[in-house]
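K.L.:
Quick one: structure below, then a few questions.
The values are calculated or read from the model by the stated rules, or taken from the named source; none is laboratory data. Remember, predicted model here, so these are calculated numbers, not experimental data. Here the Cβ is made from the backbone with ideal geometry for all residues, glycine too, and neighbour counts use every protein chain on show. Remember, those area values only see protein heavy atoms, side chains included, never the ligands or the DNA or RNA. Shrake-Rupley method; radii C 1.70, N 1.55, O 1.52, S 1.80 Å.
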Amino acid sequence: MSIALRKPGKSESFPLEIGGVAGDRRNGRGAATNRSGRYEPIAYEPVDDGWESLGELEALATEVQEVPARRIITRNSSPDIGFDRSINPYRGCEHGCIYCFARPTHAFLGLSPGLDFETKLFAKTNAGAALERELADPAYRPRTIAIGTNTDPYQPIERRYRIMRRILEVLSAANHPVGIVTKSALVLRDLDLLHSMAERGLVKVALSVTTLDRKLARAIEPRASTPDKRLETVAKLVEAGVPTAVMVAPVIPGLTDMEMERILERSAAAGVKNAGYVLLKLPLEIGDLFTEWLKSNCPDRANRVLSLMRSARGGKLYDAKWGERMVGKGPYAWMIGRRFEIAAERLGFNKESVELRTDLFTPPVLPGQQLRLL
């Protein structure tokens, strides 16, 4: 094996054969390449030197590094999202969704947003204790905490680490509201806590569904729950009295947008009363990764999908402008929005919003801390 060197460029896509990782090594992974992140002065790419030495490498395994978190609640002031604080129990995500907008964050760690993002993971094992400390701060004021807005809190390694379970236990004990987004049926493991919190008006859950095509889902989000399993999960959450929504997200023009109405119809049949959608976002390295994935998995549709994406993003693959980044702009983006509105109206979605309670909040009492009288 030899190493090809290049300085990081701004090209929308590099040839897959340069930096590609053999398919049998990345079975069950979303990305095809593992190029260095944008902050590295030199980018390293594995290239077969003609001696077939790449074939000697073992299949990529998931590695987890346990890291302590000094603080666990992240704040934001973005005007186009409905929360000002969130928690991410993990960095990186084994689901391997090729479109994941959290991928570029791995570049901050000196790792690749490609295969590193889905194989080199970081678990914040003290998240529960860190959360208790922050909630116990006399200056803390409760507002809904969003979980799952970056990486999925119910990704496969959660079965072993149970960090999300501990976070929910802390929030439930403190009567603190939380909104959860996931694409994993593992959320049902915590149905006891979710049911109890729902009775107190403290929780809502959203499942994201990209496609109903199981083969496409396996390729585009390889280690997430199947579409049917997610809809079964939605039905069980609704049956348990947990306020549940479905996000048609991301909507990929020319690839999955034609499924929007069917996803909403299946969601309505499962008892869901609220739904939303988000247009595919391709910031930073995701543009390259998604382009590579398209040309490898959907070569007959790749050019059309990319063309429609540019038409919805002012001629680029992505525009981060507030107010437009979630829904895009232009005729095709407008059509997707109107289709969603018409289907949502027909199916009776979004007639009532779910408002979570903050008035029940009871700050945790840490060891050695004086009990509060009020």
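K.L.:
Send over the per residue convex hull volume for the chain, Cα only, as a whole number of Å³. Provide the component values of the computation, followed by the final result.
P.N.:
Working: hull volume 53.2 nm³, N = 374.
Convex hull volume per residue, Cα atoms: 142 Å³.
K.L.:
Now a separate question. How tilted is helix 286-297 with respect to the longest principal axis of the chain? Cα atoms for both, answer in degrees (0 to 90, nearest 10).
P.N.:
Approximately 60 degrees, to the nearest 10.
K.L.:
Only helical DSSP H runs with n ≥ 4 go in: add -39500 (n - 2.57) per run for the chain, normalise by residue count and round the 222 nm mean residue ellipticity to 500 deg cm²/dmol.
P.N.:
-8500 deg cm²/dmol
K.L.:
Counting only protein heavy atoms and using a 1.4 Å probe, what share of the accessible area of the chain belongs to carbon plus sulfur, as a whole percent? Mind showing how you got there, number by number?
P.N.:
Working: 9250 of 17510 Å².
Exposed carbon and sulfur together represent 53 percent of the surface.
K.L.:
Between region 139-193 and region 220-289, how far is it from one alpha carbon centroid to the other, in angstrom?
P.N.:
19 Å
K.L.:
What are the aspartates and glutamates whose alpha-carbon lies under 14 Å from the alpha-carbon of residue 236, with same-chain residues fewer than 8 places away excluded?
P.N.:
Output for residue 236: 190, 192, 228.
K.L.:
Would you mind giving the three semi-axes, in whole Å and largest first, of the ellipsoid equivalent to region 203-248 according to its Cα gyration tensor? Walk me through the intermediate numbers first.
P.N.:
Values: eigenvalues 93, 18, 11 Å².
Semi-axes, largest first: 22, 10, 8 Å.
K.L.:
Let me ask another. Over region 238-319, with the other protein chains present, what is the accessible area per residue in square angstrom, probe 1.4 angstrom?
P.N.:
On a per-residue basis, 37 Å².
K.L.:
For the pair residue 63 and residue 143, what calculated FRET efficiency results from E = 1/(1 + (r/R0)^6), where r is the Cβ-Cβ distance and R0 = 51 Å, to the nearest 0.05?
P.N.:
Numbers: r = 35 Å, r/R0 = 0.69.
Efficiency at R0 = 51 Å is approximately 0.90.
K.L.:
If you don't mind, there's one more thing I want to ask. Excluding residue 65 itself, calculate the net charge of residues whose Cβ lies under 11 Å from the Cβ of residue 65, where each Lys or Arg counts +1 and each Asp or Glu counts -1. The partial results should precede the final answer.
P.N.:
On the way: positive: 91, 120, 124; negative: 63, 66.
Summing Lys/Arg as +1 and Asp/Glu as -1 gives +1.
K.L.:
Return the Rg/Rh value of region 253-374, two decimal places, where both radii are evaluated on C-alpha atoms and Rh is the Kirkwood radius.
P.N.:
Taking Rh as the inverse mean 1/r over Cα pairs, Rg/Rh reads 1.19.
K.L.:
Enter the angle in degrees (range 0 to 90, nearest 10) between the Cα long axis of helix 302-311 and the first principal axis of the Cα atoms of the chain, meaning the one along which they spread out most.
P.N.:
It works out to around 60 degrees.
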